[in-house]
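Undergrad: First the structure, then my questions, so here it is.
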Amino acid sequence: MSMTKLPELSQGYIPPRIPIPFLDHYAKYMQTWQWRVMRRKAMKRAKKKCQFCAERKPQVVHHLRYDRLFFERLTDLLALCYTCHAMMHPGNEALADRTREDELLEG
């Protein structure tokens with residue numbers, strides 16, 4: 001099994017440069033059957049373990065790259081727990097707050 005190449009976090013997170021009108025398409029895409037299929041495949045590949053920490057159950061699928069957005073490959077995706085997903089987006093306080101709320105609900 002090949003290892004998924006993880007982003008270099010020591011250099012800090014560089015947010016994707018996605019134009020604002022494009023973000024609306026992204027939100028709509030997250031509701032499509034195509035995305036649900038890719039998400040399900042990424043979760044299945046993770047075998048019930050976060051692909052970053054391997055300690056918690058994955059709850060979200062994170063894009064490693066955005067240049068193939070809407071046409072992504074399975075290798076472009078990581079199944080992550082809420083905590084590790086928040087670490088992929090440092091400085092995103094809304095995501096960090098949502099992460100804390102979700103983890104409290106998960107128990």
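Values in this text are rule-based calculations from the coordinates and carry no lab data. Every value quoted in this text rests on a predicted model; they were computed, and no experiment measured them. With ideal geometry, Cβ positions are generated from the backbone for all residues, glycine too; neighbour counts draw on all protein chains shown.
Undergrad: Quick check: from the Cα gyration tensor, does the stretch 20-106 come out rounded (a/c under 1.5), prolate or oblate? Spell out each step's value before the answer.
TA: Values: a/c = 1.75, a/b = 1.20, b/c = 1.46.
It comes out oblate by the Cα gyration axes.
Undergrad: In what sequence do L77, L23, L69 fall when counting other Cβ within 10 Å, fewest first? Could you put the intermediate results ahead of the total?
TA: Working: L77 22, L23 11, L69 15.
By the 10 Å Cβ count, ascending, the order reads L23, L69, L77.
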